[in-house]
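The values are calculated or read from the model by the stated rules, or taken from the named source; none is laboratory data. Since the structure is predicted, the reported quantities are computational estimates derived from the model, not experimental observations. Reconstructed Cβ throughout: ideal geometry from the backbone, glycine too, with neighbour counts over all protein chains shown.
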Amino acid sequence: MKFIETSLQGAFIIEPEPNRDERGFFARTFCAREFAEHGLVSQFVQCSISSSSRRGTLRGLHYQLPPACETKLVRCSAGAIYDVIVDLRADSPTYLQHIGVELTARNHRALYVPEMFAHGMQILEDNTEVSYQISEFYAPGKAAGLRYDDPKLAINWPIPVSSIAEKDKGWPLLA
């Protein structure tokens with residue numbers, strides 16, 4: 001696997017290194033030893049999937065507050081997404097900065113999302129499925145979020161939003 005550092009300290013794009021032959025390819029997408037060698041969380045307690053039927057759907061931006069902070073490993077298993085993370089670590093030099101990464105079933109990339117990062121995604125193709133490995137158990141009382149259209153974040157989503165949950169529209173603005 002290739003661990004590609006992003007501009008947000010601690011966040012990585014993970015690319016598999018496929019072994020190809022006439023049948024196709026085989027590649028590891030997770031190895032606890034390699035993740036630990038890179039100083040990353042290597043134990044996940046939950047795996048989840050989300051399915052979105054319509055292009056333009058937006059999910060997020062979500063995170064969990066201490067002591068239930070989550071690290072996530074996000075991969076698109078069908079279709080395509082524009083995946084966004086926002087650094088919420090107050091002591092970080094990249095506080096409130098964000099990056100966006102295209103994850104697709106074709107590029108097989110994953111995004112490693114450290115704890116205290118908000119995470120959201122926009123669906124780029126109909127019938128898209130996303131899988132998550134998560135380091136902490138879901139704690140509804142610790143769930144929080146940011147507005148996807150917060151002017152302070154100025155996230156440039158690639159296509160118009162066609163669908164979003166009422167909860168995600170209702171998060172307070174940062175300013």
How about region 89-109: which of its residues are under 23 Å from LEU65 (Cα atoms) and in contact with a Ser or Thr (Cβ under 8 Å, 6 or more places away or on another chain)? THR94, GLN97, ILE99
Checking the structure you have, find out if any residue of region 13-27 is closer than 14 Å to LEU103 by Cα and touching a Leu at 6+ places or on another chain (Cβ under 8 Å). yes
Condition check for GLY60: of a type in the set (Gly, Ala, Ser), assigned to a loop (DSSP other than H, G, I, E, B) and buried (at least 17 other Cβ atoms within 10 Å of the Cβ): no
Please specify each residue of region 8-38 satisfying the condition of being more than 19 Å from ILE85 (Cα to Cα) and in a loop (DSSP other than H, G, I, E, B). PRO16, GLU17, PRO18, GLU22, ARG23, ALA27, ARG28, THR29, PHE30, CYS31, HIS38
Name every residue in region 5-39 that is hydrophobic (A, V, I, L, M, F, W, C) and under 15 Å from the mean Cα position of the chain (by Cα), in order of residue number. LEU8, ALA11, PHE12, ILE13, ILE14
Determine whether GLU136 is of a type outside the set (A, V, I, L, M) and either modelled with pLDDT under 95 or surrounded by fewer than 18 Cβ atoms within 10 Å (Cβ to Cβ) (or both). no
Taking the condition of being closer than 19 Å to GLU70 by Cα and more than 16 Å from the chain's Cα centre (by Cα), how many residues in region 110-143 meet it? 5
Identify all residues within region 1-54 that are polar (S, T, N, Q), in contact with a helix residue (DSSP H, G or I) (Cβ under 9 Å, 6 or more places away or on another chain) and free of Cβ contacts under 8 Å to residues at least 60 places away in the same chain; write none if there are none. SER42
State whether one or more residues within region 139-162 are modelled with pLDDT under 95 and not acidic (Asp, Glu). yes
